[in-house]
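Inspection log for the structure reproduced underneath, given as structure tokens.
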Amino acid sequence: MCGIIGYIGTKQALPILLEGLRRLEYRGYDSAGVALVAPDPLGGEASGSKIFTERAAGKVSELENKFIDNNLPGLIGIGHTRWATHGAPKEENAHPHGDCENNIAVVHNGIIENYQELKNELAARGHKFRSETDTEVIAHLLEDEPKELSLEKKLMNILPRLVGTYGLAVIDKNDSKKIVVARLGSPLVIGIRGSEFFIASDPSAFISQTREVLYLDDGEVAALSPQGIEIIEKGISKNKQSELLEWSAEKIEKQGYPHFMLKEINEQPKVIEDTIRGRLEEKDGLAHLGGLKEAEEKLRKIEKIIIVGCGSALYSGKIGEYIIEEYAGIPVECEYASEFRYRKPVLDDSTAVLAVSQSGETADTLAAIREAKRKGVLTLGMVNAVGSTIARETDAGIYNHAGPEIGVASTKAFISQVAAFALITLFLGRQRQMSAVTGVRIAEELKTLPEKISQIFSQKEQIESIAEKYAKFSNFLYLGRKYNAPIALEGALKLKEISYIHAEGYPAGEMKHGPIALLDKNFPVVAIAPKDSVYEKMKSAIEEAKARQAPVLALTTEGNNEMENLADDIIYIPKTLEMLTPILSIIPLQLFAYYIAVSKGYDPDRPRNLAKSVTVE
Ligand code: AGP
């Protein structure tokens, strides 16, 4: 996720900015940059100030290397680590971004959804753009404001034009003794040390400098200058109380959560919002996926899709297989990427191969895509890391916008993938036989999911105590049917990879073909049994397991009271469309695995033997 740092005070700003950027590295990023405003050394007193900007793709150390010989002067500056959402991770797209004359520099977290429309309008007015980012439009909008206005006034004039979310900071050579910040939907915090001020997307960036903080709220603008801090809301100045931070830097990086995995599980309501943001046209039940636009006509003609992936990405693909077949009417196969690349798959120009990958760097998935390209078929990517290899090597694709996933066990990326498959299904289905009514129903239900995920969190304490009860077992059998058969696989994987307990995921119908021989009082079953089209079959599987004395933990739909007589323990999930239940049913299983791992004293963020991205075969 992008990171912001800024400083205005009596010290050289550059070292403070670079330290802040280093402290923000944990958020995940792919480029970085700084901009300072200072008297122009070549222009003498009369010339006023100048904006000095340096940026670099890659790590903060790449940026620091640019200052080995030339130190940037100045007591006022802003910095940024970028997690690419629009435009590849390269120097031209790194923040800060400037206006045509480089009189202004801006850093921004969030997404400006209407940036293209603003960019077209500004270009028509003669503005020249240097990047592919949405952020750059902010600098050019400010440039068109009357020069004599204060920077905060200019910013307040243009903010109503922005649709989307922002946490941003701006400096201006024509109002050179201040930093102005604004917040809407993306956090911004001010640090205070006497007459020195810091700004950041989270306080870990400046916690070594001060613990006195003042959090901005949505809709607030703040002007920081030697005269102090002015907070403005709807054009009116207001007072806000600062507070003293108790946290350590490490704790702040996890925003108070003990592990990144738990933080990312809790981010999931927002991740669904971010995945679907700006992509749904509810009134006609359509999905607008810019990344598939250039392949739109080819996609209209494809008659088969092969989904490839590894691990959790594969399991989301298995759900995608069911959804696309049922609602878009296209035959789909979901393949282990590591198998696909060595098989002799039958491919022709009516086939599309879709790679799912959070990192966009998984070797087996990349190799599968390259094999498909060698055979000349259309390749698509569903990737979280913008600009990653798989994103760049596929013909078209969709970004998840789930933000960087730090925990090795995939959680928020997985549900974002399932939601993205729902978007792809709308896109393909509405090109074909899917009715507007069905499309509208899916689009409307997708928008309810963030709240429904939050409802599941209200059972956290109960899930934790169930986890402690089951932590003693050495084996588990996870069972599900249809859309939840892949959730049985994903739930078992979560438990395996962070608690090192043996767990098998199976389609419930397979139990009587072998696995049932395993069951006894020491071999619990986790049954994913929402009230859906296969619920009665799941009930039978639970009864068969109970007949073998296996303890049963069941997941079922809120209000389904008959489960009380069937299972030993129950976790309820809200009702939703059958095709979307996986997004809800996986949440309790993520928490179940997390609490068991923690109860056994393991670190869920760094499970043994595992890497976050398997870039080797
Ligand atoms: C999931 O919890 C695992 N960490 C692992 O299976 C992962 O999903 C797999 O390695 C694929 O990674 P990718 O999505 O980055 O390609």
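Only the coordinates and a few stated rules stand behind these numbers; no lab work does. These numbers come from a predicted model, not from an experiment. Cβ sites come from the backbone with ideal geometry, for glycine too, and all protein chains shown count toward neighbours.
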>> Taking every DSSP beta bridge with both residues inside the stretch 489-617, roughly what % is antiparallel (nearest 5)?
In response: 0
>> I'd like to compare 376-384, 289-297, 129-137: which one has the highest average count of other Cβ atoms within 10 Å, and what's the full order after that?
In response: 376-384, 129-137, 289-297
>> Between the stretch 170-238 and the stretch 495-554, what is the separation of their alpha carbon centroids in Å?
In response: 54
> Kirkwood Rh, Cα Rg: Rg to Rh for the stretch 422-579?
Replying inline: 1.01
> Which of the trypsin sites (Lys or Arg not before Pro) found in the stretch 394-437 are in a DSSP loop and have at most 15 neighbouring Cβ atoms, other than their own, within 10 Å?
Replying inline: R432
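Quick check of the Kirkwood formula: for the stretch 1-133, what is the inverse mean of 1/r over all pairs of different Cα atoms, in Å? Spell out each step's value before the answer.
Working: mean 1/r = 0.0650 Å⁻¹.
Every distinct Cα pair counted, the radius reaches 15.4 Å.
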>> Quick check: pseudo-label points 7 Å beyond the Cα along Cα→Cβ at K521 and N239, how many nm apart are they?
In response: 6.8
> If the stretch 254-303 were replaced by its equivalent ellipsoid, with semi-axes equal to the square roots of 5 times the Cα gyration tensor eigenvalues, what would those be, largest first, whole Å?
Replying inline: 34, 14, 8
> In whole Å, how far is the Cα centre of the stretch 577-617 from that of the stretch 427-463?
Replying inline: 22
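Where a ≥ b ≥ c are the square roots of the eigenvalues of the C-alpha gyration tensor, would you call the stretch 345-384 rounded, which needs a/c under 1.5, or, failing that, prolate if a/b is larger than b/c, or oblate? Please list the in-between numbers first.
Numbers: a/c = 2.97, a/b = 1.81, b/c = 1.64.
Taking the square roots of the gyration eigenvalues as a ≥ b ≥ c, the stretch 345-384 is prolate.
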> Which lysines, on any chain, are close to K575 with Cα under 17 Å apart, when same-chain ones fewer than 8 places away are left out?
Replying inline: K447, K452, K482, K531
> Can you list, bin by bin at 20 Å, the percent of alpha carbon pairs in the chain, starting at 0?
Replying inline: 19, 48, 28, 4, 0
> In degrees from 0 to 90, rounded to the nearest 10, what is the angle of the helix 311-328 Cα long axis to the longest principal axis of the chain?
Replying inline: 80
>> As an exercise, identify the GluC sites (Glu not before Pro) in the stretch 509-595 lying in DSSP coil whose Cβ has no more than 15 other Cβ atoms within 10 Å.
In response: E558
> Which order do peptides 173-179, 78-84 fall in by mean Cβ count within 10 Å, highest first?
Replying inline: 78-84, 173-179
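Can you order the peptides 597-604, 302-309 by their average number of other Cβ atoms within 10 Å per residue, highest first?
Values: 597-604: 17.1, 302-309: 22.8.
By packing density, highest mean first, the sequence is 302-309, 597-604.
Report, in listed order, any pair from K173/K240; K472/K546; K11/K234; K539/K600; K11/K50; K119/K173 with a Cα-Cα distance greater than 21 Å.
Beyond 21 Å: K173/K240; K11/K234; K539/K600; K119/K173.
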> Quick one: helix 363-374 against the long Cα principal axis of the chain, what's the angle to the nearest 10°, folded into 0 to 90?
Replying inline: 90
> Percent antiparallel among DSSP beta bridges with both residues in the chain, to the nearest 5?
Replying inline: 60
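Only loop residues by DSSP count here, and only those with at most 15 other Cβ atoms within 10 Å; note down the trypsin sites (Lys or Arg not before Pro) in the stretch 490-551 that meet that. Intermediate results must be reported in sequence, preceding the final value.
Working: sites: K494, K496, K512, K521, K531, K537, K539, K546, R548; in loops: K521, K531, R548.
Sparse-neighbourhood loop trypsin sites (Lys or Arg not before Pro): K521, R548.
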> In degrees between 0 and 90, to the nearest 10, how far off the longest principal axis of the chain does helix 485-499 point, with axes built from Cα atoms?
Replying inline: 70
>> With unit charges on the beta carbons (Lys and Arg positive, Asp and Glu negative) and the dipole taken about the Cα centre of the stretch 573-617, which residue among Y594, L580, T615 sits farthest to the positive side?
In response: Y594
> One-quarter of the Cα convex hull surface for the stretch 218-312, in nm²?
Replying inline: 13.0
> If you look for lysine pairs in the stretch 300-397 that are eight or more places apart or on different chains, how many of them have Cα atoms under 21 Å apart?
Replying inline: 9
